[in-house]
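Here's the structure, in structure tokens; my notes come after.
The values are calculated or read from the model by the stated rules, or taken from the named source; none is laboratory data. Because the structure is predicted, anything quoted here is derived from the model rather than measured. Note that each Cβ is placed from the backbone with ideal geometry, even for glycine, and that neighbours are counted across all protein chains shown.
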Amino acid sequence: MSNALSVEAPEGLPFIDYTREFDAPVEDLFRAHADPGLFARWVGPSDLTTELPTYDFTSGGRWRMVQRRGEEEYAFRGTFHTVRENELAVQTFEFEGFPDAVSLEFLTFEQLPGNRSRLVGHAVYPTLEARDGMISSGMESGMADGYATLEALLAEQAG
């Protein structure tokens, strides 16, 4: 894959940084995050189904996501603090199965030459234990799978 996900979790620091480039303009990348129907199609591992009972991708909006695999269910929730079209989203993220470990996430959308774009994420956790728990949950492989699905979805919509 030419657009691999890069994830860094510096030792001893309670944050995770990640970067992923896409062969699509920044407007399409942003829309895939803003539109609940599109977002549900690509987010997370491809073997999970995603439902968004609440998804208001605006400054001050709330969100809740439920993902299922057979009888397993995983629920997440948060608030969008700041959303600037094609530029930035600042949100909280909480796994309902591990309450009280809310992270603050910054998503930066960057336009690149050649009608390409880059997503840069910075997630800050309340403790190193919470950050390490997120890493050990399979977060990186789930993100990589979801972003590969997103890349295919963006190519399908462009074609």
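Which ones in region 72-91 are among the small types (Gly, Ala, Ser) and out of contact with any strand residue (DSSP E or B) (no Cβ under 8 Å at 6 or more places or on another chain)?
Correct list: empty.
Can you tell me which residues in region 1-48 are part of a strand (DSSP E or B) and farther than 17 Å from SER103 by Cα?
SER6, THR19, ARG20, GLU21, PHE22
Give the number of residues within region 85-109 that are under 17 Å from ALA34 (Cβ atoms) and in a loop (DSSP other than H, G, I, E, B).
Going through region 85-109 one residue at a time, the tally reaches 3.
Taking ARG116 and the conditions (1) surrounded by 15 or more Cβ atoms within 10 Å (Cβ to Cβ); (2) modelled with pLDDT under 95; (3) closer than 23 Å to PHE22 by Cβ, which numbered condition does it fall short on, given that it satisfies the others?
(2)
Go through region 110-135 residue by residue and tally those that are over 21 Å from HIS33 (Cα atoms) and in a strand (DSSP E or B).
Number satisfying all stated conditions: 0.
Being over 16 Å from the mean Cα position of the chain (by Cα), basic (Lys, Arg) and assigned to a strand (DSSP E or B) narrows it down to one residue among ARG68, ARG77; which is it?
ARG68
Taking region 9-36 only, how many residues are over 22 Å from THR58 (Cα atoms) and either hydrophobic (A, V, I, L, M, F, W, C) or within 15 Å of the chain's Cα centre (by Cα) (or both)?
11
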